[in-house]
Amino acid sequence: MEFFKLPSIISKLDSPFLQAHEIELSLKRDDLIHAAVSGNKWRKLKYNLLEAQKKGIKQLITFGGAYSNHIAATASAGNLLGIKTIGVIRGEEGFENETLLLAQKNGMKLHFVSRTDYRQKNELDFRAELISRFGDSLIVPEGGANALGVLGCQEILEEVNEVYDVVACSAGTGTTASGICKRLKKEKLLVFPALNGGQFILEEMKAHCTPKQIKQVELQLDYHFGGYAKTKPELIEFYFQFLKDFNIELDLVYTSKMMYGLFDLIQKQYFPRGTKILAIHTGGVQGNKGILKSKN
């Protein structure tokens, strides 16, 4: 996998705000792993792609919405590694945005299904129908949310030598959070669901993590900004301010919400002075252009 820059670097953030609160905040830059297959998207795909290669399977089918970073990343990874990709997309055919156009550019065949049909994506009959239609394929769940995805995400903390008090990550399916949780030492893990009603994330994590590990996890449920891929003016403002202050672009679906939440908690003195925090940048910035365009 010589295309990828690993281990990802850790950037220490510095600002008068952080100094005033005596908080040490660093960002693990998984967004820099690869220009197109960045962040937790690569982590979750890595062992799924290796599984396909091991089994001699030349095609991969996966699932996502129209703004799915996972869809774009899967297409790019397939293009790099010579594996055909098919994306089962929730929504009406003919819809185009930056994410879907990028996926098609990288050779992904898009198969649009209704929201009703999409809910069957984990059903054996639905998957058998996809195999019958498209041929022998490895089926990867939405977001790379399976045991192989969790295995890849365990490597995030395996690359970290420094000791932190808190690790923070965003969450959509809980796969990344589960992988991080399995490699916790004494750190607290703050998980910021990017969608409304994110309580289920903890239940997903319980399938992969021990009760002792789960005790180190805390969900922060107040920073979803209305739901998945939804924003509010204060989040957009924070995104631009963060870019200006640190010269680092966050993505608006996940990491902007996590970092907004962290800065809000710091402001509210949630963390004791001297706390060392490691936040995970899970990539996905390619979707920002489409989201910002829709706001204009």
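The values are calculated or read from the model by the stated rules, or taken from the named source; none is laboratory data. Keep in mind it's a predicted model, so treat the numbers as computed, not measured. Heads up, the Cβs are rebuilt from the backbone with ideal geometry, glycines too, and the neighbour counts pull from every protein chain shown.
Numbers at a glance
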read-out: Selection count where residues are in a helix (DSSP H, G or I) and either buried (at least 21 other Cβ atoms within 10 Å of the Cβ) or in contact (Cβ under 8 Å) with a residue 24 or more places away in the chain (or both), scope region 132-156; value: 13
read-out: Checking LEU265 against (1) touching a helix residue (DSSP H, G or I) at 6+ places or on another chain (Cβ under 8 Å); (2) in contact (Cβ under 8 Å) with a residue 12 or more places away in the chain, the condition it does not meet; value: (1)
read-out: Count - residues of region 92-120 that are assigned to a loop (DSSP other than H, G, I, E, B) and either out of contact with any strand residue (DSSP E or B) (no Cβ under 9 Å at 6 or more places or on another chain) or at pLDDT 90 or above (or both); value: 8
read-out: Pairs with Cβ under 9 Å, 6+ apart, first in region 275-296 and surrounded by fewer than 23 Cβ atoms within 10 Å (Cβ to Cβ), second in a strand (DSSP E or B) and at pLDDT 95 or above; value: THR275/GLU24; THR275/LEU25; THR275/VAL166; LYS276/GLU24; LYS276/LEU25; LYS276/SER26; LYS276/VAL166
read-out: Pairs where the first residue, in region 68-79, is surrounded by fewer than 24 Cβ atoms within 10 Å (Cβ to Cβ) and the second is among the polar types (S, T, N, Q), C-beta under 6 Å, 6+ apart; value: ASN79/ASN106
read-out: Region 243-258 - residue that is in a helix (DSSP H, G or I) and in contact (Cβ under 8 Å) with a residue 60 or more places away in the chain and, of those, surrounded by the fewest Cβ atoms within 10 Å (Cβ to Cβ); value: ASP245
